[in-house]
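Here's the structure, in structure tokens; my notes come after.
Quick note: the coordinates plus some simple rules give every number you see, no bench work behind them. Treat the numbers as computed from the prediction; the structure is a model and nothing was measured.
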Amino acid sequence: GTASSDLVIQDNDIQDIGTHGIISQDYISDVWIRRNRVKNTALLFADRPGITASRSGSFVVVSDNIVIGSGSALGTSTHGISIDTTTNATCNGNIVSGWTKGFGIEVVFVTNGSFTGNTITGCKGDIVLSGNESTNSFNANISVTGNTSNGSANVTGAIYSFVTGGTGAVMHENITISGNSVQGCTAGIGIEMDF
């Protein structure tokens, strides 16, 4: 079931935060996170993204936010926007920059997701799809279109996917990558789909 629904988080300015900038999680539905400015998160606790929508969420929209990372962030998985274990997710029109210890936009275990018109600059990886063989968790029915990736510092790729180890036999399914602009990924591949 749903614990919380019809949530709107918009037009906020959030800076210099010890953990997450914005987080909505645990059986949420019909959530709009839009037009916020989030800067410098995970200053006290490691691996806390700027904006997170996760854990059994549905019908989540993350749009038109500005999400800026900090070199002082703790941990190695501090991401700009993280959408995790969510169905029917839309992430569009966001400006994400400076997440040198993590991904601009992290997509984990999402079914029916659209990631469109985002601008990502200077992140460890720009738009990253990940899954886990051990838990049979992966992404399905995902569209990554019309995004601009500039200056990724990742050695793998600006737009890429991976599945972590285990004994399962899962793969990401029905993924469309089209109409994106990738520039300045001098440390790695522009687009890599590694299932």
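Annotations
- Within segment 4-157, the proportion of Cα pairs with more than 28 Å between them is 9 percent.
- More than 14 Å apart - percent of Cα-Cα pairs taken over segment 49-103: 51 percent
- Sorted largest first, the spans of the alpha carbon positions of segment 1-46 along the three principal axes are 34, 23, 7 Å.
- Share of pairwise Cα separations in segment 17-93, more than 18 Å, in percent: 35 percent
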